[in-house]
Amino acid sequence: MKNMYLTSHFPLISIILFSLAFSIYTERLSISYLKNIGLYSGMIEFFSERGIHLALLFVLWLFFFMLFAALKLIANTVNELSLLFFSKDEEGTDLKNVRRGAWIFLIGGIFSIIASIDILLLLSVFAIACFSYFIFFIYKVSDSLSAPALIALIFFHLFFWFAFGIAIVYAVVKLYNSLIASLPI
């Protein structure tokens, strides 16, 4: 008996694993920074070392969990919008075929825990998982697309994620510049 919903929990597990990997790396970086500026020794007077590590790990995990959950929601919306605009499939078989790609992120999430020792390795595991899923998505939906529609779908995705990335970079730079300009130097 084959159940379509057997792998429905894989995206949640993938988000948990990627969030944990990024939070482990960031927690180590934060503890090192707190030690360098001298705050860590003062914190130990009020909390245990393990308590500080666990609290920081939990807060960072929660932050990354929300970030990856939001990115997944945006990615699902972009995938379904692109299928709405360009696919000839009216019954949703493309969406059923694409759901099997959750294995890619699950395997990437497992490798991300191992890769949490280095940020470049961790980012490359995440990028490889995203790129592999994109290739898988294109392959699975290509049967219901004409050649121009396939090209348009690819450019739709590339344009959206490029514009999304540029908007985030612009907002961060604008916020940084306004913060620097407001400092009384």
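The values are calculated or read from the model by the stated rules, or taken from the named source; none is laboratory data. Predicted model, so just to flag it, every value in this text is computed and none were measured. Here the Cβ positions follow ideal geometry from the backbone for every residue, glycine too, while neighbour counts run over all protein chains shown.
Observations
- Among the residues making up region 77-88, those that are crowded, with 16+ Cβ neighbours inside 10 Å and either assigned to a helix (DSSP H, G or I) or acidic (Asp, Glu) (or both) are Asn79, Ser82, Leu83, Phe86.
- Complete set of residues in region 116-135 that are over 17 Å from Leu20 (Cβ atoms) and surrounded by fewer than 19 Cβ atoms within 10 Å (Cβ to Cβ): Leu120, Ser124, Ala127, Ile128, Cys130, Phe131, Ser132, Phe134, Ile135
- Whichever residue in region 149-185 is over 19 Å from Lys72 (Cα atoms) and touching a residue at least 40 places away in the same chain (Cβ under 8 Å) and, among such residues, is surrounded by the most Cβ atoms within 10 Å (Cβ to Cβ): Ala149
- Pairs where the first residue, in region 75-98, is over 15 Å from Trp161 (Cβ atoms) and the second is outside any helix (DSSP H, G or I) and of a type outside the set (A, V, I, L, M), C-beta under 9 Å, 6+ apart: Leu83/Asp89; Leu83/Gly92; Phe86/Ser146; Lys88/Ser146; Asp94/Ser87; Leu95/Asp89
- Across region 1-26, the number of residues qualifying as surrounded by 11 or more Cβ atoms within 10 Å (Cβ to Cβ) and either touching a His at 6+ places or on another chain (Cβ under 7 Å) or polar (S, T, N, Q) (or both) comes to 6.
- Here Phe10, Phe68, Phe63 are screened, and the one residue that is modelled with pLDDT under 95, closer than 22 Å to Phe111 by Cβ, in contact with a helix residue (DSSP H, G or I) (Cβ under 8 Å, 6 or more places away or on another chain) and of a type in the set (Phe, Trp, Tyr) is Phe10.
- Phe68, sole failed condition from (1) more than 15 Å from the chain's Cα centre (by Cα); (2) closer than 21 Å to Tyr25 by Cα; (3) among the aromatic types (Phe, Trp, Tyr): (1)
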